[in-house]
Structure formats: structure tokens, C-alpha cells
1. Any idea which of D183, D126 is charged (D, E, K, R) and free of Cβ contacts under 8 Å to residues at least 24 places away in the same chain?
2. Which ones in the stretch 183-218 are of a type in the set (D, E, K, R) and under 19 Å from the mean Cα position of the chain (by Cα)?
3. Show the residue pairs meeting these rules: Cβ distance below 9 Å; 6+ apart or different chains; first residue within the stretch 132-159 and among the small types (G, A, S); second residue assigned to a loop (DSSP other than H, G, I, E, B).
4. Among E146, E125, E152, E173, which is at pLDDT 95 or above, within 20 Å of D7 (Cβ to Cβ) and surrounded by 18 or more Cβ atoms within 10 Å (Cβ to Cβ)?
5. Working carefully through the options L167, L135, L163, find the one that is hydrophobic (A, V, I, L, M, F, W, C), within 19 Å of the chain's Cα centre (by Cα), within 15 Å of ligand 1 (Cβ to nearest atom) and not in a helix (DSSP H, G or I).
6. When the residues of the stretch 93-121 are filtered to those that are in contact (Cβ under 8 Å) with a residue 24 or more places away in the chain, assigned to a loop (DSSP other than H, G, I, E, B) and at negative phi, which remaining residue is surrounded by the most Cβ atoms within 10 Å (Cβ to Cβ)?
7. Please tell me if F119 is within 16 Å of ligand 2 (Cβ to nearest atom), closer than 26 Å to H230 by Cβ and at pLDDT 95 or above.
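The values are calculated or read from the model by the stated rules, or taken from the named source; none is laboratory data. Since the structure is predicted, the reported quantities are computational estimates derived from the model, not experimental observations. Here the Cβ positions follow ideal geometry from the backbone for every residue, glycine too, while neighbour counts run over all protein chains shown.
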Amino acid sequence: MDAYRIDQGTKVILDDRMADDTGEFSSKSEAKKETGRLNERLQDLQDLLWAEHQHRVLLVLQGMDASGKDSAVRHVFAGVNPAGVKVISFKAPTPEELAHDYLWRIHRHVPGDGEIAVFNRSHYEDVGVVRVKQLVPESVWRPRFEQINAFEKMLAEEGTIILKFFLHISKDEQRKQLQERLDDPTKRWKFNPGDLAERARWDDYMAAYGEAISTTSTPWAPWYVVPTNHRWYRDYVLSSVIVATLDGLKMSYPEPLEELEGVVVK
Ligand code: AMP
Ligand code: MG
């Protein structure tokens with residue numbers, strides 16, 4: 001999975017990164033089997049994370065419309081105890097949110113001890129859509145790269161494990177997915193006419209995200225550019241990175257408060 005991890009200082013050109021890679025898999029069923037195995041491990045690791053109450057885990061998902069951020073969460077966290085996982089979907093800011101700094105609404109949703117928080121969109125919108133649509137001038141958004149690095153460093157030093165994923169689809173795959181949304185009555189509600197205007201600015205988005213990823217992939221909060229044209233491979237990559245990271249924490253169940261060996265409940 002290291003192939004998808006962006007080392008600090010690497011200049012990322014998204015167009016040069018594979019969107020349709022399937023790694024070692026030649027079939028969907030093989031990958032799904034492996035993802036299922038990882039999912040069971042994730043269920044156990046989440047239980048340990050909660051029991052230990054020592055770490056906080058923040059997962060950031062970014063990606064163009066129809067890259068499948070919602071379905072990624074659904075697949076990767078299927079069967080994981082919902083009590084320990086919270087998913088926060090960041091939409092266009094409300095007037096109250098706009099009246100504050102851009103990290104105000106973000107900070108209140110970061111995970112607490114033993115929790116996993118999944119951000120479906122995040123503060124990266126504030127250097128993404130905000131930049132592309134010129135909602136603030138460059139003199140405002142450019143300093144945000146450094147601010148974000150400092151914010152994430154603070155979270156990491158306070159005990160948060162941060163992993164950031166860019167779900168990378170090709171422009172043609174987005175066309176197919178958006179068309180499917182239009183054609184399927186159960187998906188049509190997701191279609192937003194504004195999506196086509198955003199699609200028309202594809203190159204600007206790729207440039208903005210490329211620079212954001214290049215400047216904010218750090219040892220304490222690395223980015224992964226995840227090949228997403230094949231959704232089953234995307235799920236496998238996400239599950240692998242998350243499970244490997246949690247495994248690396250070497251967690252164990254806490255010792256009971258007193259000696260309970262041989263205690264019998266009557
Ligand atoms: P969706 O994820 O499809 O429900 O759409 C959410 C919309 O909110 C997307 O068009 C985002 O670009 C937009 N959005 C999220 N965060 C911000 C932000 N900070 N500023 C402007 N628009 C945002
Ligand atoms: Mg949308």
C-alpha cells in the first residue's frame with residue numbers, strides 16, 4: 001500500500017497517478033474476499049481501540065463528486081460497532097460557520113479517546129472548492145496549507161492518528177457514475193445540477209488537489225491517493241491501510257482494576 005502513500009515533499013500530479021489500478025488482483029471476487037477478511041480484523045481492532053481508550057483515529061476522505069465517498073464508508077466499516085465510529089459529512093458552510101475561522105466547525109468533530117471519526121469531506125474543501133470557485137482570495141487560502149499542517153500536527157501530538165485518502169477517479173469514470181445517477185431512479189436524488197458545473201472545472205480541481213496533497217502530506221498526517229475507478233479495489237486499499245495502521249498500535253485489552261481470577265458470580 002506504500003505505493004499510494006505520498007511522502008512528504010513529493011510533488012503530486014494527479015493526472016499521472018493511476019485511477020484504474022487493481023494491484024495484485026485480477027478479479028473483483030478475489031479482492032472482495034480479502035476485503036471481507038480485513039473487515040473482520042477491523043471489527044476486532046475497533047473493539048480493542050475502544051477498550052484501551054488510548055488513541056484517537058481520524059480518517060479524512062476527499063474526492064470528486066461520484067468518487068464514492070459514501071459507499072467507501074459503508075463498505076469499509078460494515079459490521080463495525082457503530083457506537084465507536086462517527087461519520088461527519090461536511091457540506092457548504094452555514095452562515096454561522098462562515099462567521100468563524102474555517103477550522104472551527106472541523107475541530108469540534110475530531111475523535112475523542114477510543115473513537116474513530118470519518119470525515120466525508122473536510123477542511124480540505126477550504127483549499128479545494130473554495131480555491132477553485134474563488135470564494136476567498138489567494139491571500140486567504142494559500143496560508144491555509146501551513147495552518148492545516150500545524151493543526152494536524154497538534155492533533156497528532158495530542159494522540160490522534162490521522163490518515164487522509166484522496167479517492168482518485170478518472171474524468172471518464174466520473175462521467176459514467178454521474179450518468180448512472182441520472183439513469184437510476186434510486187440514485188437520482190443524489191444528482192445535483194451543480195455537479196456538472198464542478199465537472200467542467202475538472203482540471204482546476206486536479207491542480208488544486210494536487211497542490212493540497214503535495215503540501216500537506218506529512219509524517220503525522222499522510223495522504224494516500226487511492227485508485228478508485230474499481231470500487232472494490234478502492235475498498236481493499238482503504239481497509240488495508242486502516243487495518244495495518246491500527247495493527248501497528250499493538251493494542252491490548254486493559255487489565256482489570258483488581259484481581260478477578262476465580263471470582264464466581266452467584
Ligand atoms: P455532497 O458531499 O455531494 O453532499 O456535497 C457537499 C457540497 O458541499 C459539495 O459541493 C462541497 O464542495 C460543498 N462544501 C463542503 N465544504 C465546503 C466549504 N468549506 N466551502 C464551500 N463548499 C463546501
Ligand atoms: Mg454531491
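1. When all the criteria are applied, what remains is D183.
2. E211
3. Within 9 Å, the pairs are A156/P219; A156/W220; G159/Q54; G159/H55; G159/D113.
4. Selected residue: E152, the only one of E146, E125, E152, E173 that is at pLDDT 95 or above, within 20 Å of D7 (Cβ to Cβ) and surrounded by 18 or more Cβ atoms within 10 Å (Cβ to Cβ).
5. L167
6. P111
7. Criteria met by F119.
Here is a yes/no grid of residues against (1) out of contact with any strand residue (DSSP E or B) (no Cβ under 6 Å at 6 or more places or on another chain); (2) at pLDDT below 95:
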residue	(1), (2)
E198	yes, no
G210	yes, no
I213	no, no
A221	no, no
K250	yes, no
P256	yes, yes
